[in-house]
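Beneath this line is the structure, given in structure tokens, with notes to follow.
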Amino acid sequence: MDCLNLQNWSKQMKANQKPRKLFWAIPIAILCYLTIGWKIPTALRIETLDLPEGCETVYRTKIRVSDVYWLHTKGEKVIKCSLGYEGAKAYIEAHNSEESLKNISILPYGGMSDIAIYGSQYDEMFWQQPDQDNYITISYFRKW
């Protein structure tokens, strides 16, 4: 009789552990998403673009949330491409789908912007380069 009660008790404990694990798993998943998970779709959108052969990354992808309105997400990556700005932009627009280019802007790096993550006006190394036309900013900006 004791053995039977022990088996029933063991089954009840296992059944009670499932909701308890789920109770802890949901807040942990939400916390992970709020800390770094929201960056993943933005990084994937920029990093999965088909870029011209020979492009090199000058500044890695950085992602930020707007200081004013937290639902605005901004991501940027600076590349150097021997085709120049116009050639690289034409290549990227021709070799990527309209859906993958949604919310993405391709801009010359030398321009000034008040919302830029990488600001060229403070980049002394950039202004010393003879091939400034080859630096391109790939920018992702989404308003939720």
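Just one of the numbered conditions (1) crowded, with 17+ Cβ neighbours inside 10 Å; (2) under 21 Å from PRO130 (Cα atoms) is not true of THR73: (2). Take the residues of the range 83-110 that are aliphatic (A, V, I, L, M) and touching a strand residue (DSSP E or B) at 6+ places or on another chain (Cβ under 7 Å): which is most open to solvent (accessible area, probe 1.4 Å)? Among residues in the range 83-110 that are aliphatic (A, V, I, L, M) and touching a strand residue (DSSP E or B) at 6+ places or on another chain (Cβ under 7 Å), the one most open to solvent (accessible area, probe 1.4 Å) is LEU107.
If you go through the range 54-88 and keep only what is part of a loop (DSSP other than H, G, I, E, B) and in contact with a Cys (Cβ under 9 Å, 6 or more places away or on another chain), you end up with GLY54, CYS55, CYS81, SER82, LEU83.
Examine the range 94-106 for a residue that is of a type outside the set (Phe, Trp, Tyr) and assigned to a helix (DSSP H, G or I), and state whether such a residue exists. Within the range 94-106, one or more residues are of a type outside the set (Phe, Trp, Tyr) and assigned to a helix (DSSP H, G or I).
Matching residues to (1) modelled with pLDDT under 70; (2) among the hydrophobic types (A, V, I, L, M, F, W, C):
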{"residue": "CYS3", "(1), (2)": "yes, yes"}
{"residue": "LEU6", "(1), (2)": "yes, yes"}
{"residue": "GLN17", "(1), (2)": "yes, no"}
{"residue": "LYS21", "(1), (2)": "no, no"}
{"residue": "ILE26", "(1), (2)": "no, yes"}
{"residue": "ILE30", "(1), (2)": "no, yes"}
{"residue": "ILE36", "(1), (2)": "no, yes"}
{"residue": "LYS39", "(1), (2)": "no, no"}
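Residue count for the range 45-62, restricted to those that are without any contact (Cβ under 8 Å) to a residue 60 or more places away in the chain, closer than 22 Å to LYS143 by Cα and surrounded by 14 or more Cβ atoms within 10 Å (Cβ to Cβ): 3.
The values are calculated or read from the model by the stated rules, or taken from the named source; none is laboratory data. From a predicted model like this one, the values you see are computed outputs, not experimental measurements. Using ideal geometry, Cβ is built from the backbone for each residue, glycine included, and neighbour counts are taken over all protein chains shown. The accessibility values were calculated without ligands, DNA or RNA, using every heavy atom of the protein model including side chains. Shrake-Rupley method; radii C 1.70, N 1.55, O 1.52, S 1.80 Å.
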